[in-house]
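Data block below; observations after.
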Amino acid sequence: MSERLKGRVALVTGSSRGIGRATALKLAEEEASVAVNYQRQESSAAKVVEQITREGGRAIAIRANVGDKSAVAEMVGQTVDLLGPINILVNNAGIVRSGELTRYREEDLDLMWRTNVKGVIQCTAAVAPAMIASGFGRIINLSSIAGLGTSFAGTTFYGSTKAAVLNLSKRFALELGPHGVCVNAVCPGLINTDMPFEGRTQEQIDEMIRIFSDRSMLRRIGEPEEIAGLICFLASDEASFITGQTLTVDGGRMDYLAH
């Protein structure tokens with residue numbers, strides 16, 4: 001184990017699987033105590049906590065919908081009570097629903113904005129006062145390359161929520177910077193997790209991986225651990241002069257308009 005984050009407490013939203021899970025495990029490996037947030041995947045969150053504690057780390061699992069302000073306040077309170085003041089917030093929880101201008105479901109649009117945008121606002125607002133009081137904090141927001149440009153149809157409204165996350169990251173960095181709190185955004189490309197492949201057959205998944213690998217300079221898609229490593233760096237003292245930035249991790253995608 002590295003001791004780069006020893007003594008720190010991290011809250012990772014949506015960390016029962018995918019990038020969030022990899023991030024929680026990596027933060028714990030760096031000796032941070034970790035609150036593993038989930039909404040539905042209770043058994044998966046429990047397995048993340050079990051793995052961390054088995055390897056000598058400290059972790060708890062907390063159910064909360066980040067789109068619910070009262071649930072966020074309760075989650076932050078539980079984390080502080082059980083692990084200590086939160087120094088690191090990773091706003092990872094997010095959902096994607098397909099939709100285009102002439103055919104979209106309003107409930108899908110509302111759900112994405114409530115989770116992807118309001119979730120970031122509410123979680124950040126809940127931890128910010130204590131970070132300001134202590135003069136230290138690290139906030140890392142998960143956006144997407146869909147928030148930077150356009151490469152294919154069907155993700156218009158998802159992309160708009162992720163673009164909002166980028167704007168919020170810069171604005172929060174401006175507000176919190178004088179208090180020693182760094183805020184940055186990470187934009188992953190296609191990453192090998194459950195989320196982009198849900199509802200697809202294995203044949204469709206294989207074809208999707210092939211297409212996006214061909215669009216990458218590295219000729220492959222990413223792994224969640226590759227995003228987690230960057231997040232841990234941004235959470236560390238080594239990134240103490242980095243704030244208000246957007247870091248793209250997409251293997252060198254070549255097909256984006258205005259990327």
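Annotations
- Residues of region 201-259 that are within 19 Å of the chain's Cα centre (by Cα), among the aliphatic types (A, V, I, L, M) and assigned to a loop (DSSP other than H, G, I, E, B): Ile221, Ile242.
- Scanning region 120-146 for residues that are among the small types (Gly, Ala, Ser) and either surrounded by fewer than 17 Cβ atoms within 10 Å (Cβ to Cβ) or at pLDDT below 95 (or both) turns up Ala125, Ala130, Ala133, Ser134, Gly135, Ala146.
- Among the residues of region 175-194, the ones that are surrounded by fewer than 15 Cβ atoms within 10 Å (Cβ to Cβ) and either modelled with pLDDT under 95 or under 22 Å from Tyr158 (Cα atoms) (or both) come to 1 in all.
- Scanning region 1-18 for residues that are in contact (Cβ under 8 Å) with a residue 60 or more places away in the chain and either among the hydroxyl-bearing types (Ser, Thr, Tyr) or within 22 Å of Phe136 (Cβ to Cβ) (or both) turns up Arg4, Leu5, Arg8, Val9, Ala10, Leu11, Val12, Thr13, Ser15.
- Restricting attention to region 31-48, the residues that are surrounded by fewer than 22 Cβ atoms within 10 Å (Cβ to Cβ) and either of a type outside the set (Asp, Glu) or touching a helix residue (DSSP H, G or I) at 6+ places or on another chain (Cβ under 9 Å) (or both) total 7.
- Tally, over region 134-149, of residues that are in contact with a Gly (Cβ under 8 Å, 6 or more places away or on another chain) and either among the hydrophobic types (A, V, I, L, M, F, W, C) or in a strand (DSSP E or B) (or both): 5
- Among the residues of region 196-216, those identified as surrounded by fewer than 15 Cβ atoms within 10 Å (Cβ to Cβ) and within 21 Å of Ser143 (Cα to Cα) are Glu198, Ser213.
- Qualifying residue in region 96-106 (condition: surrounded by fewer than 24 Cβ atoms within 10 Å (Cβ to Cβ) and more than 15 Å from Thr156 (Cβ to Cβ)): no
- Condition check for Ala125: of a type in the set (Gly, Ala, Ser), touching a Ser or Thr at 6+ places or on another chain (Cβ under 8 Å) and part of a helix (DSSP H, G or I): no
- Sole residue being of a type in the set (A, V, I, L, M), farther than 16 Å from Ala93 by Cα and not in a helix (DSSP H, G or I), chosen from Ala130, Ala173, Ala185, Ala153: Ala153
The values are calculated or read from the model by the stated rules, or taken from the named source; none is laboratory data. If you're wondering where the values come from, they're calculated on a predicted model, not measured in any experiment. Note that each Cβ is placed from the backbone with ideal geometry, even for glycine, and that neighbours are counted across all protein chains shown.
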